[in-house]
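No lab work stands behind these numbers, since they all come straight from the coordinates. Everything numeric in this text was worked out from a predicted model, so none of it was measured. Reconstructed Cβ throughout: ideal geometry from the backbone, glycine too, with neighbour counts over all protein chains shown.
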Amino acid sequence: MEKKKYLILTFGCQMNVHESEKLAGILEKNGYEVCTNATQADVVVFNTCAIRENAEQKIYGNIGELKNIKVAKPDMIIAVGGCMSQQNNYANEIMSKFPYVDIVFGTHNLADFEALLKKKIETGKRISSITEDETIALRDSLQIARTSGTNAWVNIMYGCNNFCTYCIVPYVRGREVSRPEKDILREVEALLKEGYKQITLLGQNVNSYRGKDEEGNEISFDKLLADIDKFDYKFRLRFMTSHPKDLSSEVIDVIAKSKHICHGIHLPIQCGSDKILASMNRKYTTEKYLKLIDEIKTKIPDVELTTDIIVGFPGETDEDFEGTLDIMRKVEYMQIFGFIYSKRKGTVAEKMADHIETKVKKDRLSRLLEVKNEIINRKTQEMLGKTYEVLVESFDEKTNTLYCSLDSGKTITVKGTKNCIGEFVDVKVTSVRKSVIYGEIVNTEDIANFKEKNFKYPIEVSILPKDQKGLKLLRENKKNQKAVNDLKSKK
């Protein structure tokens, strides 16, 4: 008997990517297998994001595109979960706007998805289930269908206590809850034994981790990092995201002395103006941030810093924006993720005065990108001729190209073979085109000894019925089934 198929569409952050792996685990445990097109799927799940308005519009557009497929395939189950669903009244809006959506659930009851799916199949009724509380042990006990290649995500905490005025996350993910250290260590060790080469610790603000050790004593993030660093495997350890107000000297010291922790640190500044930082409720000043950067660079001389920046926050003047550009030039980030401020319903910033015109915001983002490219292009040029240890993450069979990550997280492209995936190799940078880095493996004789590994990667999915033939076939099948049913009823 042919297995039923599922499709998961993930929007938003790395936390959502990992939670989609948990949803996939639930579906595979129940006998479903992944497919690449909505016309093939028996279950389609949207794991949604609420961080920016354009993400919301894109999600609604994609749900809308399923209408024709649902008409042709009425038994297909459509579920919408994640941050957008968790927002006030959004579940009702989704159920009302899209009468062909079968299940709506939130961030706090992801672990209930299996029961909700079974209930829908048994009763045929539409279900909306949004809860405000959850037991994290329940979510952490879920089977995970990992599809992030050589990298494995590990939650160390959930929720956020910061209430930045532009951010919806604390409202949809709740207050901070840290996992016990023993559970995290057990999960990390199991992943290393399975052969994963990179562990990425996840939390909305990992620096505020406050878990308990086996004796019940509270431990902070530096202790957790130090304990994971003791594992005697060849691997990299990353973490995200880091809030500047909570990044301690102890954490910086652990990174500086570690064997496994990457020297690429993501530290969002968001804005280079103290006035705007206060309005954002970030709880640090530019002076404090730059002192922290100086400490990091002193203790970790080869550090590569990355950041997030919001342009056009309410009340931001030209002078405020110039302060952001000034910070960028002082720090010299290896990567900058720049975003135009997007008003989010339910946040403090939504009701602020002096919202910036779209044209001004776009102009500022354009200028930010110019400075970003100028810095990154210069920094990558400085890498020319140098040799770096990289992790081989993926392979393009058409071009025999390997995509490798530097310790900073930056990608370097080299020629090689598929059996290199999951290996650490030394690569010499041979050319740089703007910010794109190319290199060659130094010890090519080692390649013959590498064995091919079975890492799973995200599939390229399609929500749109690009396969028009498949959609036509669905319609014909429905038409034929109706004819058969009509004939039976006449008899």
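Neighbours of Thr347, meaning other residues whose beta-carbon lies under 13 angstrom from its beta-carbon, give a summed charge of +3 when Lys and Arg score +1 and Asp and Glu score -1. Computed from Cα atoms, the angle from the helix 113-123 axis to the main principal axis of the chain rounds to 10 degrees. Beta bridges assigned by DSSP with both partners in segment 147-381 are antiparallel in approximately 15 percent of cases.
For segment 147-381, the calculated P(r) over all alpha carbon pairs, in 10 Å bins from 0 to the bin holding the longest distance, is 7, 29, 34, 22, 7, 1 percent. Once the Cα atoms are used to define both axes, helix 14-29 deviates from the longest principal axis of the chain by about 40 degrees.
List the trypsin sites (Lys or Arg not before Pro) within segment 195-236 that DSSP assigns to loop and that have no more than 13 neighbouring Cβ atoms inside 10 Å. It would help to have the intermediate numbers written out before the result.
Details: sites: Lys197, Arg210, Lys212, Lys223, Lys230, Lys234, Arg236; in loops: Lys197, Arg210, Lys230, Lys234.
Here the trypsin sites (Lys or Arg not before Pro) that fit, given the DSSP loop and packing criteria, are Arg210, Lys230, Lys234.
Computed from backbone phi with θ = phi - 60° and the Karplus coefficients 6.51, -1.76 and 1.60, the 3J(HN,Hα) list for segment 358-375 is 4, 4, 5, 4, 5, 4, 5, 4, 4, 5, 4, 5, 4, 5, 4, 5, 4, 5 Hz; x is used for glycine and proline.
What do you get for GluC sites (Glu not before Pro) in segment 195-299 restricted to DSSP loop and a cutoff of at most 11 other Cβ within 10 Å of the site's Cβ? Mind dumping the intermediate values first?
Numbers: sites: Glu214, Glu215, Glu218, Glu250, Glu287, Glu295; in loops: Glu214, Glu215.
Sparse-neighbourhood loop GluC sites (Glu not before Pro): Glu214, Glu215.
Here is the list for segment 1-90: GluC sites (Glu not before Pro) lying in DSSP coil, each with at most 12 other C-beta atoms within 10 angstrom of its C-beta, are Glu2. Across the options Ile228, Pro99, Thr324, the greatest Cα extent toward the positive end of the charge dipole of the chain (unit charges at beta carbon of Lys, Arg, Asp, Glu) belongs to Pro99.
The residues neighbouring Val101, those whose beta-carbon lies less than 13 Å from its own, together hold a net charge of +3 under the Lys/Arg +1, Asp/Glu -1 convention. Of the residues Tyr60, Gly216, Phe313, the one whose Cα sits farthest toward the positive end of the charge dipole of the chain, with +1 on the Cβ of Lys and Arg and -1 on the Cβ of Asp and Glu, is Tyr60.
Where nothing but the Cβ of Lys and Arg (+1) and of Asp and Glu (-1) is charged, how large is the charge dipole of segment 387-449 around its Cα centre, in debye to the nearest 20?
With only Lys, Arg, Asp and Glu charged at Cβ, the dipole is about 400 debye.
Whole-Hz Karplus values for segment 269-283 come out as 8, 6, 7, x, 10, 4, 4, 6, 4, 5, 5, 7, 6, 7, 6 Hz, taken residue by residue from phi with 6.51 cos²θ - 1.76 cosθ + 1.60 and θ = phi - 60°; glycine and proline positions read x. Among the cysteines of the chain, those whose beta-carbon sits 4.7 Å or more from every other cysteine beta-carbon are Cys13, Cys35, Cys49, Cys83, Cys160, Cys262, Cys271, Cys404, Cys420. Amide H contacts of Val303: none lie under 5 Å away among residues 5 or more positions distant or on a separate chain (H built 1.01 Å from N in the peptide plane; Pro and chain starts excluded). Between 0 and 90 degrees, the angle of helix 286-299 with respect to the longest Cα principal axis of the chain falls at about 70 degrees. Quick one: of the DSSP bridges fully inside segment 85-235, what percent are antiparallel, nearest 5? Taking every DSSP beta bridge with both residues in segment 85-235, the antiparallel ones total about 35 percent.
Taking segment 387-449 on its own, what percent of its Cα-Cα pair distances exceed 18 Å? Mind dumping the intermediate values first?
Values: 465 of 1953 pairs.
Pairs farther apart than 18 Å: 24 percent.
Amide hydrogen proximity for Lys5: with H placed 1.01 Å from N in the peptide plane, the residues at 5 or more positions away or on another chain lying under 5 Å are Glu33, Asp42, Val43.
Run the helix sum for the chain: -39,500 (n - 2.57) per DSSP H stretch of 4+ residues, divided by residue count, reported at 222 nm to the nearest 500 deg cm²/dmol. The partial results should precede the final answer.
Values: 16 runs with 181 residues, N = 491.
Per the formula, -11500 deg cm²/dmol.
Taking the DSSP beta bridges in the chain as the whole, what percent of them are antiparallel, to the nearest 5? Write down the numbers at each step before the final one.
On the way: 25 of 67 bridges.
Given both bridge residues lie in the chain, the antiparallel proportion sits at roughly 35 percent.
Only one residue of Asn151, Leu192, Pro180 has its Cα farthest out toward the positive end of the dipole of segment 144-216, where Lys and Arg carry +1 and Asp and Glu -1 on Cβ, and that residue is Asn151.
Basic side chains Lys and Arg get +1 at the Cβ, acidic Asp and Glu get -1 at the Cβ, and with that the dipole of the chain about its Cα centre reaches some 2340 debye. Here the 3J(HN,Hα) profile of segment 140-152, calculated from phi with Karplus coefficients 6.51, -1.76 and 1.60 at θ = phi - 60°, is 6, 8, 5, 5, 10, 9, 6, 9, 10, x, 6, 9, 10 Hz, Gly and Pro shown as x.
Computed from point charges on the beta carbon alone (+1 for Lys and Arg, -1 for Asp and Glu), the dipole magnitude for segment 134-198 about its Cα centre is near 100 Debye. Distance cut-off 18 Å, Cα to Cα: go down the list Lys22/Lys418; Lys288/Lys379; Lys234/Lys259; Lys288/Lys330; Lys22/Lys212; Lys182/Lys456 and report the pairs above it. Pairs exceeding the cut-off: Lys22/Lys418; Lys288/Lys379; Lys22/Lys212; Lys182/Lys456.
Kirkwood Rh, Cα Rg: Rg to Rh for the chain? Numbers along the way, then the final one.
On the way: Rg = 24.3 Å, Rh = 24.7 Å.
Reported Rg/Rh, Kirkwood definition of Rh: 0.98.
Taking a Cβ cut-off of under 10 Å around Ile276, the surrounding Lys, Arg, Asp and Glu residues balance to a net charge of -1, with basic ones at +1 and acidic ones at -1.
Just the Cα atoms of segment 157-217, one point each, no solvent: what log10 I(q)/I(0) does Debye give at q = 0.18 Å⁻¹? Reported log10 I(q)/I(0), two decimals: -0.73.
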